[in-house]
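This is the structure I have questions about; it appears just below.
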Amino acid sequence: MSSPLPVVAVIGSLNVDFITRTTRVPAAGETLIAQSFDIGFGGKGSNQAVACARLSRPKPSSSSRHPGETGRPSPSVDVRMVGAVGSDPFAEDFLAGLRQDGVNVDAVRRLEGQKTGIANIIVEEGSGENRIMVAANANYALKAETLLPVDADVAVFQLEIPLEVVLNNITEAKRKGLEVSPSILFRIRLSNSHRSQVILNPAPAVPLDAAVFKGLSHLIMNESEAAILSGMSDEEFGSADLDDIASNFLVRGVRNVIVTLGAKGVFYHTSPWYAIRKPGTTLAAARATVVDTTAAGDTFVGAYAVAVAKARALDDFDVDAAVAFANRAAARTVERKGARAAVPWLDEVDGVAE
Ligand code: ADP
């Protein structure tokens with residue numbers, strides 16, 4: 001089914017977060033009474049899909065939060081979540097929550113006999129440290145088949161589903177760009193400028209084969225992910241030049257390399273291979289009163305994906321505007337507690353002309 005709006009497909013994880021807050025973590029064999037407990041619907045895939053959906057339209061007023069109701073602001077992109085949940089009682093609430101945020105969940109499989117992915121998160125209130133244990137469950141039951149919707153203009157991947165599923169679908173997304181025209185010359189142009197642009201957010205990071213980077217439109221990673229993909233320790237990365245780091249990916253075929261730098265903002269380098277001697281750009285973080293940085297990276301990726309989708313063709317894409325928008329959106333997220341709950345809507349991001 002084709003869509004009049006640009007389609008962003010997020011192919012990734014859906015995890016139920018069990019968040020327990022405690023003054024201190026229990027020692028081995030010890031039982032403690034927690035300060036509080038919450039259930040949230042997260043996972044990097046789901047969080048990024050929510051970020052795309054919210055950042056593609058203003059927040060619906062509380063009286064018009066149901067699909068189809070008049071007064072619901074129209075989105076500028078069609079966001080589709082692709083992944084898997086189990087057949088447990090969490091699955092339906094999870095999908096209902098995504099629909100409520102404007103995410104199409106038709107391509108989320110409900111796997112009989114499987115459990116939905118779970119993240120057990122213990123937050124030690126004194127130190128602010130998190131301890132997280134993920135049981136991937138249904139996320140890892142996905143097989144290496146093609147999951148990508150045929151009409152996706154932008155495909156967004158992270159690494160919380162099996163690596164072979166990600167790699168197969170990235171290959172498929174790149175190939176789709178080649179299928180549109182019968183002419184060889186035109187094919188080459190389309191492969192980089194029209195359909196199925198790929199955004200890879202390699203989190204959690206593992207070293208990746210060089211083939212992934214060839215023809216990859218956008219690579220977005222934080223500093224520790226960039227270190228792992230560059231084969232460096234955190235110390236080596238800390239003293240490395242970001243231009244050199246980025247050049248490494250540009251020569252391997254990535255078109256836009258973005259390294260998020262937390263409170264320091266973001267570095268990006270986006271040059272064709274023949275001009276990589278030009279330095280990249282560092283953009284300072286937007287001003288924010290930090291409450292909780294959870295989901296800052298996911299908001300960044302979602303916002304950036306919306307900007308890519310709106311441009312449709314890579315040649316019309318304004319990377320400076322996209323990075324600036326994503327940087328402002330992510331700054332709003334750090335001002336609020338929680339993961340998905342903290343992701344802003346379009347009208348909550350300052351300075352957005354819409
Ligand atoms: P991750 O959450 O994946 O580790 P980062 O910590 O690099 O990613 O943060 C992602 C983005 O969130 C940053 O590039 C920046 O735009 C925004 N951000 C993070 N921390 C702050 C902060 N303290 N103030 C303002 N923006 C922030």
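Any read-out appearing in this document is the output of simple, stated calculations on the displayed coordinates, not a laboratory observation. Please read all numbers here as calculations on a predicted model, not as lab measurements. Glycine also receives a Cβ, built like all others from the backbone with ideal geometry; neighbour counts cover every protein chain displayed.
From the phi angles alone, apply the Karplus equation (6.51, -1.76, 1.60; θ = phi - 60°) to the range 11-26 and give each ³J(HN,Hα) in whole Hz, x where the residue is Gly or Pro.
These are the phi-based 3J(HN,Hα) values: 9, x, 8, 10, 10, 7, 8, 9, 10, 10, 9, 9, 6, 8, 7, x Hz.
Determine the sum of side-chain charges near T23: Lys and Arg each +1, Asp and Glu each -1, restricted to other residues whose C-beta is under 15 angstrom from that of T23.
Net charge around T23: -1.
While we're looking at this one, here's another question. Hey, what number do you get for the chain at 222 nm if only DSSP H runs of n ≥ 4 count, each worth -39500 (n - 2.57), divided across all residues, to the nearest 500?
Values: 9 runs with 104 residues, N = 354.
Using -39500 (n - 2.57) per qualifying helix, the result is -9000 deg cm²/dmol.
Please compare each pair in K44/K278; K44/K143; K143/K310; K310/K337 to a cut-off of 23 Å on the Cα-Cα distance and tell me which ones are over it. Don't skip to the end; give the middle numbers.
Details: K44/K278 33 Å; K44/K143 19 Å; K143/K310 31 Å; K310/K337 29 Å.
Listed pairs above 23 Å: K44/K278; K143/K310; K310/K337.
Can you pull a Stokes-Einstein diffusion coefficient for the range 209-327 at 25 °C (0.890 mPa s), Rh from Kirkwood over Cα pairs, as a whole number of µm²/s?
167
Cα to Cα, under 16 Å, and not fewer than 8 places away if on the same chain: which aspartates and glutamates meet these conditions relative to K214?
E172
Suppose each label sits 7 Å from its Cα in the direction of the beta carbon; what would the K59-A341 distance come out to in nanometres?
Taking the simple label geometry, K59 and A341 are separated by 1.4 nm.
Quick one: dipole size for the chain, taken about the Cα centre, charges +1 on Lys/Arg Cβ and -1 on Asp/Glu Cβ, in debye to the nearest 20. Show your work: numbers first, answer last.
Details: 35 positive and 41 negative charges, 168 e Å.
Dipole size: approximately 800 debye.
Let me ask another. Pulled fully out, how much extra length does the chain show between A240 and D320, if you take 0.36 nm times their separation in residues and subtract their Cα-Cα distance? Walk me through the numbers before you get to the answer.
Details: separation 80, 0.36 × 80 = 28.80 nm, distance 2.35 nm.
Residue separation times 0.36 nm, minus the Cα-Cα distance, leaves 26.5 nm.
Report ³J(HN,Hα) in whole Hz for each residue of the range 43-55, in order, from the Karplus equation J = 6.51 cos²θ - 1.76 cosθ + 1.60 where θ = phi - 60°; Gly and Pro get x.
Going residue by residue, I get x, 4, x, 4, 4, 6, 5, 4, 4, 4, 5, 5, 8 Hz, with x marking Gly and Pro.
In percent, what relative contact order does the chain have, based on Cα pairs under 8 Å that are 6 or more apart in sequence?
Details: 778 pairs, mean separation 63.0, N = 354.
Worked out over the chain, it gives 18 percent.
Below 12 angstrom from the Cβ of S87, what's the summed charge of the other residues (Lys, Arg +1; Asp, Glu -1)?
Details: positive: R109, R110, K115; negative: D88, E92, E112.
Spelling it out: positives minus negatives among the neighbours equals 0.
Also, I was wondering about something else. Calculate how many DSSP beta bridges within the chain are antiparallel, expressed in % of all such bridges and rounded to the nearest 5. Mind dumping the intermediate values first?
On the way: 20 of 52 bridges.
The antiparallel proportion sits near 40 percent.
How large is log10 of I(q)/I(0) for the chain at q = 0.13 Å⁻¹ when the intensity is taken from the Debye formula with one equal scatterer per alpha-carbon?
-1.03
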